[in-house]
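K.L.:
Below you'll find the structure I mean.
No lab work stands behind these numbers, since they all come straight from the coordinates. Only a predicted model underlies this, so the values are computations on that prediction, with no experimental measurement involved. Quick reminder, even Gly has a Cβ in these numbers, built from the backbone with ideal geometry, and neighbours come from all protein chains shown.
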Amino acid sequence: MAIQIPSRQLFIDGEWREPVLKKRIPIINPASEEIVGDIPAATAEDVEIAVDAARRAFSRNGGKDWASTSGAFRAKFLRAIASAVLERKSELALLEVVDTGKPLVETASDMDGVASCFNYYAELAEALDAKQKAPISIPVQSFKSYVLKEPIGVIALITPWNYPLLMAAWKIAPALAAGCTAILKPSELASVTCLEFAEICRQVDIPPGVLNIVTGLGSEAGASLASHPHVDKISFTGSTATGIKIMTAAAQMVKPISLELGGKSPIIVFEDGDLNNAAEWTIYGCFKTNGQICSATSRLIVHESIAADFLVKLIDWSKNIKISDPLEDGCRLGAIISQGQYEKVMNFISTAKNEGATILYGGTRPQHLRKGFFIEPTIITDVSTSMQIWREEVFGPVLCVKTFSTENEAIELANDTDYGLGAAVISKDLERCERLTKALQAGTVWVNCSQPCFDQTAWGGNKRSGIGRELGEWGLDSYLSIKQVTHYISYEPWGWYSPPQSS
Ligand code: NAD
């Protein structure tokens with residue numbers, strides 16, 4: 001099936017705009033390795049224009065056009081976006097497949113996620129109006145205080161390639177709900193659906209400059225956006241290495257940041273669970289989206305009494321995963337995003353082998369696929385805690401395995417990481433699950449599952465997995481600034497100084 005990728009420009013101030021330096025970046029379909037189009041490559045010059053557009057949109061008409069409108073007013077745009085995404089769902093899902101190599105079934109569900117995120121934040125935008133001027137109880141009668149929740153200002157939204165439009169939605173929806181204006185810089189490896197999203201913004205008549213979409217390289221467009229003095233906040237999702245650069249740039253201006261970074265999340269399987277259910281959650285937790293999920297539970301910690309049987313089950317389940325052209329019916333494992341990422345994953349596997357680990361299953365390109373960045377789901381055993389495969393994020397379909405004998409040992413192994421994004425526990429003993437839920441150092445703990453994520457819950461990491469939370473009310477709060485207002489309501493003079501004779 002030939003899918004035509006629309007040729008687009010940057011989206012700035014409500015209009016398509018050619019990059020000042022007229023540069024473009026090729027789009028490579030990861031499943032065919034063919035160039036299928038290109039995207040505009042913004043540089044610092046374009047970022048300057050986009051930030052200026054967002055600033056003007058924020059303060060236009062004294063804020064009355066956007067920033068200080070009611071939440072209910074902004075909610076109408078969010079709902080219109082959600083409907084337009086659903087109308088174009090099948091086209092957007094196909095474009096996302098060609099751009100990322102993800103199976104169609106996943107990208108279609110991502111588009112549902114995008115629409116539900118906008119509808120959810122429309123609700124929160126409406127609810128925000130009633131939360132304004134919330135009185136604060138203070139112990140002094142002569143004063144009254146309340147709190148205003150105001151949009152922070154112009155926000156830089158920098159996003160990764162694994163869920164291109166969904167990760168953008170997790171930021172755009174709450175930022176716009178709050179009344180902020182924004183510049184989105186998607187990943188240069190997957191920007192196609194974000195550019196189509198610009199067309200949706202035009203269609204629903206978002207005021208010019210409220211959302212600008214600037215595609216381009218991280219080192220050029222991303223870096224100049226992150227260091228721009230007129231950006232009031234940076235919300236970033238991506239690798240910990242880039243997160244450090246963003247934090248450094250923001251620190252120069254004491255600029256607030258939200259960081260959603262990498263992970264090396266554990267899944268602990270106890271001996272009392274249903275082994276088939278546990279096996280399915282384990283492979284789903286690590287091989288969905290080809291393991292290119294920040295929260296992939298890529299370290300399996302399994303009770304020694306069931307380890308041998310469980311590994312046999314994992315191999316059986318893995319053999320059953322259909323690896324194919326991501327547009328084929330039934331495909332559950334597509335291609336890795338790029339040649340660079342493919343090589344990185346292969347290097348992780350060969351380093352693990354060189355360090356003495358065993359490649360129990362997979363580890364190579366599937367025999368039946370000659371083209372495309374495909375890697376078999378891979379299970380690695382005989383792993384020690386000092387090995388690279390145990391410590392570093394692979395961001396590919398690679399599961400490493402260790403066994404444990406006691407609950408405490410499982411907790412220690414699970415927490416033996418610089419990251420703290422997700423963790424999963426599989427056990428029928430719910431009291432034990434509760435103990436582990438408290439002991440695991442992670443922003444999310446899944447009990448008897450791995451990966452499901454809902455708009456209403458909080459998303460984010462501890463330790464080097466990030467700062468702040470997205471989704472839920474916490475996601476909205478991260479784009480709001482709290483202003484406390486205090487009134488002196490007594491007619492009595494304050495009386496701190498002696499009044500001058502003449503008064
Ligand atoms: P990346 O850090 O390479 O890139 C992320 C974004 O940052 C891209 O848009 C890129 O162009 C931009 N960028 C790169 N260098 C920059 C710079 N110097 N200044 C400003 N922007 C710059 O990450 P990636 O490879 O696109 O995504 C994979 C990573 O994202 C993984 O580590 C994964 O764990 C993480 N991730 C985290 C979450 C989460 O919610 N915690 C979600 C998805 C992905």
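K.L.:
Which of the trypsin sites (Lys or Arg not before Pro) found in the stretch 263-324 are in a DSSP loop and have at most 16 neighbouring Cβ atoms, other than their own, within 10 Å?
P.N.:
Numbers: sites: Lys264, Lys288, Arg299, Lys313, Lys319, Lys322; in loops: Lys264, Lys322.
Listed in order of number, the matching sites are Lys322.
K.L.:
Could you tell me which residue out of Ile315, Thr437, Leu92 lies farthest along the dipole of the chain toward its positive end? Charges go on the beta carbon: Lys and Arg +1, Asp and Glu -1, centred on the Cα centre.
P.N.:
Leu92
K.L.:
Using only alpha carbon pairs under 8 Å that are at least six residues apart, calculate the relative contact order of the stretch 236-311 and give it in whole percent. Mind showing how you got there, number by number?
P.N.:
Details: 78 pairs, mean separation 24.8, N = 76.
The value is 33 percent.
K.L.:
As an exercise, identify the chymotrypsin sites (Phe, Trp or Tyr not before Pro) in the stretch 434-481 lying in DSSP coil whose Cβ has no more than 14 other Cβ atoms within 10 Å. Show your work: numbers first, answer last.
P.N.:
Details: sites: Trp446, Phe454, Trp459, Trp474, Tyr479; in loops: Phe454, Tyr479.
Sparse-neighbourhood loop chymotrypsin sites (Phe, Trp or Tyr not before Pro): Phe454.
K.L.:
Note down the magnitude of the dipole of the chain about its Cα centre, charges +1 on Lys and Arg C-beta and -1 on Asp and Glu C-beta and zero elsewhere, to the nearest 20 debye.
P.N.:
On the way: 47 positive and 58 negative charges, 222 e Å.
Its charge dipole is roughly 1060 debye.
K.L.:
What's the angle, to the nearest 10 degrees (0 to 90), between helix 104-131's Cα axis and the longest principal axis of the chain?
P.N.:
The helix 104-131 is inclined about 30 degrees to the chain.
K.L.:
Now a separate question. Please report, in debye to the nearest 20, how large the charge dipole of the stretch 212-272 is about its Cα centre when each Lys and Arg carries +1 at its beta carbon and each Asp and Glu carries -1 there. Provide the component values of the computation, followed by the final result.
P.N.:
Values: 4 positive and 5 negative charges, 69 e Å.
Computed about the Cα centre, the dipole is about 320 debye.
K.L.:
Same structure, new question: Within a Cβ distance under 15 Å of Trp317, other residues only, what is the Lys/Arg minus Asp/Glu net charge?
P.N.:
Summing Lys/Arg as +1 and Asp/Glu as -1 gives 0.
K.L.:
Give me the one-decimal nm value for the distance between modelled label points at Glu431 and Arg202, 7 Å along each residue's Cα-to-Cβ direction.
P.N.:
Here the modelled spin labels are 6.3 nm apart.
K.L.:
Next question. Decide, for the stretch 408-471, between rounded, prolate and oblate: order the square roots of the alpha carbon gyration tensor eigenvalues as a ≥ b ≥ c, take rounded if a/c falls under 1.5, and otherwise choose prolate if a/b is larger than b/c, else oblate. Please report the intermediate quantities before stating the final value.
P.N.:
Values: a/c = 2.45, a/b = 1.25, b/c = 1.97.
Oblate is the answer for the stretch 408-471, as a/c is 1.5 or above yet b/c matches or exceeds a/b.
K.L.:
With a ≥ b ≥ c taken as the square roots of the eigenvalues of the C-alpha gyration tensor of the stretch 9-85, please select rounded if a/c is under 1.5 and otherwise prolate if a/b is larger than b/c or oblate if it is not? The partial results should precede the final answer.
P.N.:
Values: a/c = 4.28, a/b = 1.60, b/c = 2.68.
Oblate shape, in that a/c is at least 1.5 and b/c is the bigger or equal ratio.
K.L.:
Restricting to Cα pairs below 8 Å that are 6+ residues apart, what does the relative contact order work out to for the chain? Please round to a whole percent. Numbers along the way, then the final one.
P.N.:
Numbers: 1139 pairs, mean separation 88.5, N = 503.
The normalised contact order for the chain reaches 18 percent.
K.L.:
Could you tell me how many degrees, from 0 to 90 and to the nearest 10, lie between the Cα long axis of helix 71-87 and the main elongation axis, the longest principal axis, of the Cα atoms of the chain?
P.N.:
For helix 71-87, the angle is close to 30 degrees.
K.L.:
Let me ask something else. Over the chain, consider all pairs of different Cα atoms and compute the Kirkwood hydrodynamic radius from their mean reciprocal separation; express it in Å, one decimal. Before the final figure, lay out the partial values.
P.N.:
Values: mean 1/r = 0.0415 Å⁻¹.
Computed over Cα pairs of the chain, the Kirkwood hydrodynamic radius comes out at 24.1 Å.
K.L.:
Distance cut-off 21 Å, Cα to Cα: go down the list Lys255/Lys438; Lys102/Lys402; Lys131/Lys463; Lys322/Lys371; Lys171/Lys344 and report the pairs above it.
P.N.:
Working: Lys255/Lys438 32 Å; Lys102/Lys402 29 Å; Lys131/Lys463 32 Å; Lys322/Lys371 16 Å; Lys171/Lys344 28 Å.
Those over the limit are Lys255/Lys438; Lys102/Lys402; Lys131/Lys463; Lys171/Lys344.
K.L.:
Okay, next question. Rounded, prolate or oblate: pick one for the stretch 439-489, where a ≥ b ≥ c are the square roots of the eigenvalues of its C-alpha gyration tensor, a/c under 1.5 means rounded, and failing that, prolate if a/b is larger than b/c, else oblate. Display every interim value, and only then the final one.
P.N.:
Working: a/c = 3.17, a/b = 2.40, b/c = 1.32.
Prolate, since a/c reaches 1.5 and a/b exceeds b/c.
K.L.:
Considering only DSSP beta bridges where both residues belong to the chain, give the percentage that are antiparallel (nearest 5). Spell out each step's value before the answer.
P.N.:
Details: 30 of 67 bridges.
Looking only at bridges with both residues in the chain, the antiparallel portion is about 45 percent.
K.L.:
Fully extended, how many nm does the chain gain between Glu412 and Ile35 (0.36 nm per residue separation, minus their Cα-Cα distance)? Walk me through the intermediate numbers first.
P.N.:
Numbers: separation 377, 0.36 × 377 = 135.72 nm, distance 4.64 nm.
Extra length from Glu412 to Ile35 when fully extended: 131.1 nm.
K.L.:
Taking amide hydrogens as modeled 1.01 Å from N in the peptide plane, which residues meet the under 5 Å criterion relative to Phe404, leaving out close sequence neighbours?
P.N.:
Val302, His303, Glu304
K.L.:
In terms of modelled amide H atoms, which long-range or inter-chain residues lie less than 5 Å from the amide H of Leu211?
P.N.:
Excluding prolines and chain starts, which carry no amide H, the hits are Ala182.
K.L.:
What is the calculated FRET efficiency for Asp477 to His230, with r their C-beta to C-beta distance and R₀ = 22 Å, to the nearest 0.05?
P.N.:
0.45
K.L.:
Work from the charge dipole of the stretch 30-74 (Cβ charges, +1 for Lys and Arg, -1 for Asp and Glu, about the Cα centre) and give the residue of Ala42, Thr69, Ala57 farthest towards its positive end.
P.N.:
Going by the Cα projections, it comes out as Thr69.
K.L.:
Here's something else I'd like to know. Excluding residues fewer than 8 places away in the same chain, name every one of the lysines whose C-alpha is closer than 16 Å to that of Lys22.
P.N.:
none
K.L.:
Measuring from a point 7 Å past the Cα of Glu123 along Cα-to-C-beta, which residues in the stretch 80-99 have an amide N at less than 12 Å?
P.N.:
Zone members listed by number: none at all.
K.L.:
Follow-up. Once both axes come from the Cα atoms, what is the angle between helix 275-287 and the longest principal axis of the chain, in degrees from 0 to 90, rounded to 10?
P.N.:
Value to nearest ten degrees: 60.
K.L.:
A further question follows. Using +1 on the beta carbon of Lys and Arg, -1 on that of Asp and Glu, and nothing else charged, what's the dipole of the stretch 168-282 about the Cα centre, debye to 20?
P.N.:
Values: 7 positive and 11 negative charges, 137 e Å.
Here the stretch 168-282 has a charge dipole of around 660 debye.
K.L.:
Under 20 Å between alpha carbons, and skipping anything fewer than 8 positions from Lys23 in its own chain: which lysines qualify?
P.N.:
Lys185
K.L.:
Taking a spot 7 Å from the Cα of Thr358 along the direction of its beta carbon, which residues of the stretch 397-421 have an amide N less than 19 Å from it?
P.N.:
Within reach of a label on Thr358: 398-405.
K.L.:
Another question about this same structure. Return the FRET efficiency for the residue pair Ser350, Phe454: r is the Cβ-Cβ distance, R0 is 25 Å, and the value is rounded to the nearest 0.05. Don't skip to the answer; put the middle values down first.
P.N.:
On the way: r = 38 Å, r/R0 = 1.52.
Efficiency, rounded to the nearest 0.05: 0.05.
K.L.:
As I understand it, the dipole of the stretch 149-288 uses +1 on the Cβ of Lys and Arg and -1 on the Cβ of Asp and Glu, about the Cα centre. Which of Ala223, Ser265, Asn277 lies farthest toward its positive end?
P.N.:
About the Cα centre, the residue reaching furthest to the positive side is Ala223.
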